[in-house]
Amino acid sequence: MTLGGSFALGPWQVHRAGYGAMQLAGDGVFGPPGDRDEALRVLRAAVAAGVDHIDTAQFYGPGTVNQLIREALHPYPDDLAIVSKVGARGDTDPALLRQGIEDNLATLGTHRLAAVNLRITDPSEVPGGQFDAQLAALIKAREDGLIDGIGLSNVSRPHLLRAADQTEIVCVQNLFNLADQRSLDVLTECEARAIAFVPFCPLGLPGEQRHRLLTDPDLATLATLGARLGASPAQLALAWLLDLAPNILLVPGTRTRSHLAENLAAADLKLDDAVRTGLARLGSDRIRRGPRHRAQGA
């Protein structure tokens, strides 16, 4: 598998198909996994398959997922980019952001992260002095050698533009999928600036939205289109993202090795024009209907 080729994540060059570790925590992203041994096997299988980009966070568990990553993969391969995030649990004070970075490092057992995303609670807020202070905390962490790159998560285009005026941004992690393309302007800006765009919930929000995306009996369903390529609906939804823009990096999550293999195989699907047209129609129809709610996870 080529895992979709590669793209720059700051100074790192990573495969476009990676792995998001959030689902390794227990239900509600809290506590230990239901099957700890399988969680460890999933992480090892991902790296064995060539995955060199793992997305995580200290608040997954909390601490549980980072502990699993350390147990499964430490000492880490030299080419493994581990990316985390801070700011998602109300820790918006710059000192708390710094502490969050240090907590990630301690639990993972490493001295440096490939990148850390500054997670914004409300992307509709106009970025101002507080945002600048938070960004400064990450800049200081990079200067101190704790992280290689600074990313943003759950942000608007004004957030991205304001941050990019102050420092290099290596990635943006926003909600984006066939069912919710409200961050298209952010993706477009990232592509123009050669910034990696990492969609979270790439198969739709868990629950009703994801179910509808993968099973909706519309004229142009994912199942019908996927059958042309011998692909499942989930694989086609992931392949659509990789086909959409060269700077998209995928980090779909799973708790099982079988689902991991399915996700990674999606990276090598080649879409034809007929499938692209059908997916464009499907996506446009869902945009007209509109998503029901905003993501707060990931």
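The values are calculated or read from the model by the stated rules, or taken from the named source; none is laboratory data. Keep in mind the model is a prediction, meaning the values are calculated, not measured. Cβ coordinates were reconstructed from backbone atoms using ideal geometry, including for glycine residues, and neighbour counts include every protein chain displayed. Heavy atoms of the whole protein, side chains included, go into the accessibility calculation; ligands, DNA and RNA do not. Shrake-Rupley method; radii C 1.70, N 1.55, O 1.52, S 1.80 Å.
Evaluate the distance, in nm, between pseudo-label points positioned 7 Å from the Cα of Glu38 and of Lys270 along their respective Cα→Cβ axes.
For the pair Glu38/Lys270, the computed spacing is 3.5 nm.
Please calculate the 1.4 Å probe accessible area of Asp27, with all protein chains present, and give it to the nearest 10 Å².
About 130 Å², ignoring ligands and nucleic acids.
Once both axes come from the Cα atoms, what is the angle between helix 129-143 and the longest principal axis of the chain, in degrees from 0 to 90, rounded to 10?
With both axes taken from Cα atoms, the answer is about 80 degrees.
Does the stretch 181-276 classify as rounded, prolate or oblate by the C-alpha gyration tensor (a ≥ b ≥ c root eigenvalues; a/c under 1.5 gives rounded; else a/b over b/c gives prolate, otherwise oblate)?
rounded
Carbon and sulfur: what percent of the chain's accessible surface (1.4 Å probe)?
Here it works out to 53 percent.
Report for the stretch 90-222 the percent antiparallel among DSSP-assigned beta bridges with both residues inside it, nearest 5.
Numbers: 1 of 14 bridges.
Looking only at bridges with both residues in the stretch 90-222, the antiparallel portion is about 5 percent.
Hey, if we sort Lys270, Lys140 by accessible area with the 1.4 Å probe, largest down, what's the order?
Result of the area sort, largest leading: Lys270, Lys140.
How do Glu189, Glu71 rank by accessible surface area computed with a 1.4 Å probe, from largest to smallest?
Glu71, Glu189
Not counting ligands, DNA or RNA, and with a 1.4 Å probe, what is Tyr76's accessible surface area in Å² rounded to the nearest 10?
40 Å²
Specify the inter-centroid distance of the stretch 163-211 and the stretch 29-55, based on alpha-carbon positions, in whole Å.
Each part's Cα centre sits 23 Å from the other's.
When the Karplus curve 6.51 cos²θ - 1.76 cosθ + 1.60 is applied with θ = phi - 60°, which whole-Hz ³J(HN,Hα) does each residue of the stretch 53-62 get, with x for Gly and Pro?
Along the stretch 53-62, the couplings run 9, 10, 9, 8, 6, 5, 7, 6, x, x Hz.
Tell me which label goes with the value of log10 I(q)/I(0) by the Debye sum over Cα atoms at q = 0.06, 0.10, 0.13, 0.16 Å⁻¹ computed from the coordinates here: [x] -0.36, -0.76, -0.91, -1.14; [y] -0.17, -0.50, -0.87, -1.35; [z] -0.24, -0.62, -0.92, -1.23.
Correct label, based on the coordinates given: [y].
Note the full-extension length gain between His111 and Arg212 as 0.36 nm times their separation in residues minus their Cα-Cα distance, in nm to one decimal.
Fully extending the segment from His111 to Arg212 adds 32.1 nm.
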